[in-house]
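Report on one structure; see the data block that follows.
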Amino acid sequence: MKVLVVGSGGREHTICWKLAQSLKVEKIFCAPGNAGISEVAEIVNIGAMDFEALIEFAKKEKIDLTVVGMDDPLVAGIVDRFEREGLRIFGPRANAAIIEGSKAFSKELMKKYNIPTAKYETFESYEKAVEYVKAGDFPVVLKADGLALGKGVLICNNLEEAIDGLQTIMVDKKFGESGNKVVIEEFLTGQEMSVLSFCDGKTIVPMVSAQDHKRALDGDKGLNTGGMGTFSPSRVYSEEIAKDCMEKIYKPTVEALSKEGREFKGIIFFGLMLTEKGMKVIEYNARFGDPETQVVLPRLKTDLLDIFEACIDGKLEEVDVKWEDNACACVILASGGYPEKYEKGYEIFGLEDIKKVENTIVFHSGTAFKDGKFITNGGRVLGVTGVGKTLDEAIKTAYNGVNLVDFKDKHFRKDIGIK
Ligand code: AMP
Ligand code: GLY
C-alpha cells in the first residue's frame, strides 16, 4: 500500500516510522514533512492546508490511504474533502473534529452527557464575561473558544489578571477569531495525564497512558509550550483508574458524539486531570499528541496500518491492540528562546552517532537540510526517545541520547519523567 501522512512535526515522524514497520506498507509520502522524516518517507512539498493540491497528489500517485496528523486540516474539513473525491483517509470529519476546534462545543457536550469536567460558562460579550469573573473565585481559567496553537488558555490568579485576560482574548483578539467566544472555567488541581485512543465511531480502544511537560523550564516554570517532553506510562494511571475512565469518560464521549450525529473515526486525545473528586476532562483533541506520540507508538506491538484501516471500516472491535510491557521517555531539544523568539539554521551534530545507540530513537520536529547537513528549523527541533524495561531506565537512556546530539543554543528540560 501507498500511504500519505499529512503534517510536519515529531508526531508525523513517529507515525511514518511506525507505518514503515508494517509489511503491508510499500511506500510512505509525507506532506510537507521535514528533513528527518525523509529518512522513512518521501517528502512532498505541499502544505497541510492545501487540500486541493493534496487531493491531486493522492490521485496522481494512487495513494491507498491518507493519515492526518495535525489539528488545523482536520478542523477545516480535510477528511470531508477527501471522502467527497472517493479517497480513503484516516481522521475525524469536521463535524466530529469540532471537539478540538471549539472548546464551547466540547464543554456543552460534556455537560449534556454528564462527562466529568470543570464547571464553566461561555460568553460572547466582554462586558458579561467581566461581570461573571467579578462575582467568581480565583484562580480562574479563561479559554479562547477556537484553535490557538495550544496558547489560548490563561490561568488568572486575581480579578485584575482576569480582566486583562478577557481584554487580550475578546477585545485585542490576540488569538484571532478564536477569541470571539470565551469559556470561563473553574480552576482544577491534580495530576495531569494524556490518554490517546483509537476510535471507529462506536468502539474505542485507549492506548497506553502518557504524561506531558508543557512548561518551557525545569520545575514547571516558564511559558507554556507545545510540549517539552513526555513519558509513558503515567506513574498514577492504574488499571482501576483506566476502567473507571472507560465507563465515565471514554465510552460516554464516543456515544455522545454518535448520538449527536457526529460519528468520530480517528484519534481522540483525552487531556485528563486526576482531582480529589476523581478524573476530569481538561480538554479533547481530535488527533495524536505531540510529543505524546513519540512515547506511545514505540510501545505498540500491533500493526498501526491494520488499526487505521479497522477504524475507517468500523471494525476496530475485531483488532486485538497489543502493547509492549515497557516504558518510554522523550526529551525535546528546542531552540534557545522557544516558545518566544529563537534563531534557526544552526547545524545539528551527532545524529549519525546516536543511530548506533540501542533503545534510542530520534524523531525530528523542526529540521531542514542545507548543503547535505541537518540544520535547526523550528522552536522544537528534535525529540530523543529512550525505551526501557522501566520508566527510570527509559529516562536514563533518553538523557544519554540527549548528550550525544548538539546544536547552538540547544535547550531542554532536565526533569522529564521526574514527576
Ligand atoms: P488546554 O489547552 O485546554 O490543554 O490547557 C492548557 C493547560 O492549561 C492544561 O494542560 C492545564 O495545565 C491547564 N488547564 C486547562 N484547564 C484547566 C483547569 N480547568 N484547571 C486547571 N488547569 C487547567
Ligand atoms: N502535547 C499536547 C498536544 O499535542 O496537544
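The values are calculated or read from the model by the stated rules, or taken from the named source; none is laboratory data. Quantities reported herein were computed from a predicted structural model and do not represent experimental measurements. Quick reminder, even Gly has a Cβ in these numbers, built from the backbone with ideal geometry, and neighbours come from all protein chains shown. In case anyone asks, the SASA skips ligands and DNA or RNA and just uses the protein heavy atoms, side chains included. Shrake-Rupley method; radii C 1.70, N 1.55, O 1.52, S 1.80 Å.
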> For the range 295-305, in order, what is each residue's ³J(HN,Hα) by Karplus, 6.51 cos²θ - 1.76 cosθ + 1.60 with θ = phi - 60°, in whole Hz (x at glycine and Pro)?
Replying inline: 10, 8, 5, x, 8, 7, 8, 6, 4, 5, 4
> Dipole magnitude of the range 239-312 about its Cα centre, charges +1 at Lys/Arg Cβ and -1 at Asp/Glu Cβ only, in debye to the nearest 20?
Replying inline: 140
>> Starting from the 7 Å offset along Cα-to-Cβ, what nm value, one decimal, do you get for the label separation of K370 and K173?
In response: 3.6
> Can you list, largest first and rounded to whole Å, the semi-axes you get for the range 1-68 by taking the square root of 5 times each eigenvalue of its Cα gyration tensor?
Replying inline: 17, 14, 9
>> For a Förster distance of 22 Å, can you work out the FRET efficiency between the beta-carbons of E324 and E247, rounded to the nearest 0.05?
In response: 0.25
>> Considering only C-alpha atoms, what is the centroid distance from the range 296-340 to the range 355-408, in Å?
In response: 18
>> Expected output is a single nm value to one decimal: the length gained when fully extending between E352 and L23, i.e. 0.36 nm times separation in residues minus the C-alpha distance. What is it?
In response: 115.8 nm
> Rolling a 1.4 angstrom probe over the protein heavy atoms, how many square angstrom per residue are accessible across the range 52-126?
Replying inline: 44
>> Students often get this wrong, so check it: of K112/K251; K202/K248; K62/K344, which have C-alpha atoms separated by over 25 Å?
In response: K62/K344
>> I need the calculated FRET efficiency for the pair T302 and E121, taking r as the beta carbon distance and R₀ as 45 Å, to the nearest 0.05.
In response: 0.60
> Which value, in Å², gives the accessible area per residue of the range 234-273 when a 1.4 Å probe is used on the protein heavy atoms?
Replying inline: 48
>> If I model a spin label at N114 and Q191 as a point 7 Å from the Cα along the Cα→Cβ vector, what separation in nanometres do I get?
In response: 2.8
> Could you give the distance between the Cα centres of the range 9-79 and the range 177-249, to the whole Å?
Replying inline: 25
> How big is the charge dipole of the range 41-120 about its Cα centre, in debye rounded to the nearest 20, if each Lys and Arg gets +1 on its Cβ and each Asp and Glu gets -1 on its Cβ?
Replying inline: 560
>> Could you work out [θ]222 nm for the chain from helices alone, using -39500 (n - 2.57) per DSSP H run of at least four and dividing by all its residues? Round to the nearest 500 deg cm²/dmol.
In response: -7500 deg cm²/dmol
> Restricting attention to the range 316-367, which trypsin sites (Lys or Arg not before Pro) occupy a DSSP loop and are surrounded by at most 11 other Cβ atoms within 10 Å?
Replying inline: K322, K341, K356
> Which loop-located GluC sites (Glu not before Pro) does the range 327-413 contain, where loop means any DSSP state but H, G, I, E or B and the Cβ has at most 15 other Cβ atoms within 10 Å?
Replying inline: E340, E343, E358
> When the accessible area of the chain is computed with all protein chains present and a 1.4 Å probe, what percentage of it is carbon and sulfur?
Replying inline: 48
> Of K181/K265; K103/K373; K27/K408, which pairs sit farther than 30 Å apart, going by alpha carbon to alpha carbon?
Replying inline: K103/K373; K27/K408
>> As I understand it, the dipole of the range 244-312 uses +1 on the Cβ of Lys and Arg and -1 on the Cβ of Asp and Glu, about the Cα centre. Which of V254, L274, T302 lies farthest toward its positive end?
In response: L274
> Taking N as the number of residues in the range 191-232, what is its Cα Rg relative to 2.2 N^0.38 Å?
Replying inline: 1.48
> If you count, for each residue, the other Cβ atoms within 10 Å and average over each peptide, how do 227-234, 145-152 line up from highest to lowest?
Replying inline: 227-234, 145-152
>> If Rh is defined by the Kirkwood formula over all Cα pairs and Rg also comes from Cα, what ratio Rg/Rh do you get for the chain?
In response: 0.95
> Two-decimal Rg/Rh of the range 312-369 from alpha-carbon positions, Kirkwood Rh?
Replying inline: 1.14
> Which of the listed residues, G165, F187, G146, is farthest toward the dipole's positive end in the range 122-233, when Lys, Arg count +1 and Asp, Glu count -1 at the beta-carbon?
Replying inline: G146
> Using the alpha carbon gyration tensor of the range 31-130, what are the three equivalent-ellipsoid semi-axes (square root of 5 times each eigenvalue), largest first, in whole Å?
Replying inline: 35, 15, 13
> What are the lysines whose alpha-carbon lies under 20 Å from the alpha-carbon of K301, with same-chain residues fewer than 8 places away excluded?
Replying inline: K18, K24, K315, K322, K389
> Tell me, what is the percent relative contact order of the range 291-366, built from C-alpha pairs under 8 Å that lie six or more residues apart?
Replying inline: 27
> Binning every alpha carbon pair distance of the range 305-419 at 10 Å from zero, what are the percents per bin?
Replying inline: 14, 35, 26, 19, 6
>> Suppose every Lys and Arg Cβ carries +1 and every Asp and Glu Cβ carries -1, with no other charges. What dipole size does the chain come out with about its Cα centre, to the nearest 20 debye?
In response: 160
